[in-house]
Amino acid sequence: MELQKEIEKRLTFAIISHPDAGKTTITEKLLLFGKAIHAAGAVKSSRTDRKTTSDFMEMEKQRGISVSTSVMGFNWKDRKVNLLDTPGHADFSEDTYRTLTAVDSTLMVIDSVKGVEERTRKLCEICRMRRTPIITYINKLDRDGKDPIELMDELETELNVKITPMSWPVGQGKAFKGVYSLYEKRLILFNSHGTQDEDDTIEITDLSDPKLDQYAGLEAEQLREEIELINEVYPSFDREQYLSGHITPVFFGSAINNFGVRELLDCLVDIAPSPRIHEAEERTVEAAEEKFSGFIFKIHANLDPKHRDRIAFLRICSGRFEKNKQYLHVRSGKPFKTANPTAFMAQDRNIIDHAYPGDIIGLHDTGTFKIGDTLTEGEKMKFKGIPSFAPQIFRTVLNMDPMKSKQFNKGLQQLAEEGVVQLFTKKYTNEKLLGVVGMLQLDVIKYRLEHEYKASCRFDNSTFTTACWINSDDKKELDKFISIHSGKIAEDVRGAMVFLAGNKWLLERTLEEFPEIKYYFTSDYE
Ligand code: G4P
């Protein structure tokens, strides 16, 4: 009973958006409502896209800060909300994909001036793939943006989702008067003071009510027409459709003016799902199962360079987690026990005694965990996650100080386990290759090797531009392939076999000659 009650309270979500759409602003407003912070400016902007490498390195120095904003917990109404932060920069998109495995729903923020942008498209696709429910907030209505009807079309066609408007704007830009909440049947008037007072909200259940003309003025008639139109075109809100990821409810507002955010939060706690199920390779795990299970989706290493401490972020999937209890670390088969699990409440980290499905806890780690690891009460199972994708940029990484080769190897291994880059070790030569999505990842590796491991490195161009994971039931054939192509065979950080190639065409042609060998462009083929 207690477990069920705790599960129903939990709401674990992340915000997805293109940089600049307003994610930081909205996060801050949500935290202010939840009293998790007390002043504006407490949330650091995630707009790393505009930053130069040196700015980025400065941020790296402040990793202690970013760990505390990785998970922000607060209470709203009767729910315990866990908001997970995702990196803004596209070069770290793999990190974002992994975080999306740990949430039960997402909030998608769209800039009304720019409409659907590239990162939104990609992140929305990942959510659709995982059937994660999405609520949409169209931001910056105080600006002259795209026509709302046009925006609705754009959402449907570009993101391939069905939509249900939950509110509708009255005017836009300078003429922005507020929104009509179709969900609550109220007109909410806009002022730019950054507050929403009681008198700004007028209950109007019937749109022919003359009160609408009194408050919305000349825009009233247009609002009536538009709402008539959207009522014809779009289905009314159906929670089941939202929960199954088929429709996204859409809100309008202006985050910087704190407008429409409270309605959004009220609706979020009303409709967003509690933790339900998580897929393991062996079976589906229900949140309400009595026995504890969870998985590591993120590792944050070396918060304090003086001590080698790492924090592994554990998402609890089922049962009750208790400190000092012995669990099974499935990959190694070894027991795991922790005396100091940490919970995250915005900027604080505090030790907790227990936690429930949907919660994220930090486990101090001395090198036990890898991303994707499962912890259970004894059952041997592995949660499915977002796989690694074959990278397109490869660099050979060379140790520049022979006296520090131990540090160099250890640093590379740990940073790869943390998910900063993909590391491939050539089978016969032990040569090390890094695979990345964006060049900033290489800067981070170099910097962190130097500052945290006292090792220096150099990157050389590589002739490889693509890779795939390989395996075969026919061991003889696999051995033959490996010996013929020995210079192109490597192991990833988990020890899985990888074939590297100069381009995709070459890769496919080479493998065509060995039909017994199976190949995959993502790492979760087992
Ligand atoms: P991000 O985390 O998604 O990257 O976006 P962030 O919240 O940092 O917002 C990006 C810019 O958009 C900021 O302006 C922010 O003030 C502005 N913004 C956010 N919400 C609204 C809104 O409702 N209306 C308008 N007009 N602007 C909004 P900036 O000038 O780039 O930065 P700053 O100097 O204001 O911090």
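Just so you know, all these numbers are worked out from the coordinates, no wet-lab data involved. Everything quoted here is computed from the prediction, not taken from an experiment. Note that we place each Cβ from the backbone using ideal geometry, even for glycine, and neighbour counts take in every protein chain shown.
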Relative to the present Cα-Cα distance, how much length would full extension add between ASP309 and ASP266 at 0.36 nm per residue of separation?
11.6 nm
Where does each of ASP144, ASP206 land when they are ranked from fewest to most other beta-carbon atoms within 10 angstrom?
ASP206, ASP144
Over 26 Å between Cα atoms, which of LYS337/LYS404; LYS325/LYS370; LYS337/LYS380 qualify?
LYS337/LYS404
Testing the spin-label approximation: label points 7 Å from Cα along Cα→Cβ at THR157 and VAL113. State their distance in nm.
2.4
Regarding the stretch 86-169, what is the average projected area of its C-alpha convex hull, in nm²?
5.6
Among beta bridges assigned by DSSP with both residues in the stretch 160-267, the antiparallel ones amount in percent, to the nearest 5, to 75
Per-residue ³J(HN,Hα) for the stretch 420-430, Karplus 6.51 cos²θ - 1.76 cosθ + 1.60, θ = phi - 60°, Hz, x for Gly and Pro
5, 9, 9, 10, 10, 10, 4, 4, 9, 9, 6
Debye-sum result for the chain in log10 I(q)/I(0), which assumes one identical scatterer on each alpha carbon, at q = 0.08, 0.13 Å⁻¹:
-0.57, -1.30
Using θ = phi - 60° and Karplus 6.51 cos²θ - 1.76 cosθ + 1.60, couplings along the stretch 455-461 (whole Hz; Gly, Pro as x):
10, 10, 9, 9, 10, 10, 4
Counting other C-beta atoms within 10 Å, which of MET497, MET403, MET152 has the fewest, and how do the rest follow?
MET403, MET497, MET152
DSSP-defined antiparallel bridges as percent of all bridges, the stretch 99-191, nearest 5:
60
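Run the numbers for LYS5 and ASP473: contour at 0.36 nm per residue of separation, minus the present Cα-Cα distance, in nm. Before the final figure, lay out each step's value.
Details: separation 468, 0.36 × 468 = 168.48 nm, distance 4.76 nm.
Working it through step by step, the gained length comes to 163.7 nm.
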Calculated on alpha-carbon atoms, Rg and Dmax of the stretch 278-376 in Å:
13.1, 42
Name the long-range amide H neighbours of ARG186: under 5 Å, sequence gap of 5 or more, or other chain; modelled H, no Pro or chain starts.
SER181, ILE204
Residues whose placed amide H lies under 5 Å from that of THR164, excluding near-sequence neighbours
THR248, VAL250
How do the peptides 124-135, 328-339 rank, highest first, by the average count of neighbouring beta carbon atoms within 10 Å per residue?
124-135, 328-339
Can you give the relative contact order of the stretch 393-520 as a percent, counting alpha carbon pairs under 8 Å and 6+ residues apart?
30
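Between ILE351 and PHE389, how high is the FRET efficiency from 1/(1 + (r/R0)^6) when r is the Cβ-Cβ distance and R₀ = 41 Å? Nearest 0.05.
Plugging the Cβ-Cβ distance into 1/(1 + (r/R0)^6) gives 0.65.
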Calculated [θ] (222 nm, deg cm²/dmol) that DSSP helices of n ≥ 4 give over the chain, each run adding -39,500 (n - 2.57)
-8500 deg cm²/dmol
Across all Cα atoms of the stretch 113-267, Rg and the largest Cα-Cα distance (Dmax), in Å, are 15.2, 46
Rounded to the nearest 5, what is the percent of antiparallel bridges among the DSSP beta bridges in the chain?
80
Over all distinct alpha-carbon pairs, what is the Kirkwood Rh of the stretch 393-520 in angstrom?
15.3
Of ILE277, ILE26, how do they rank once you tally other Cβ atoms within 10 Å and put the fewest first?
ILE277, ILE26
Calculated FRET efficiency, ASP238 and ARG509, Cβ-Cβ r, R0 45 Å, to nearest 0.05?
0.35
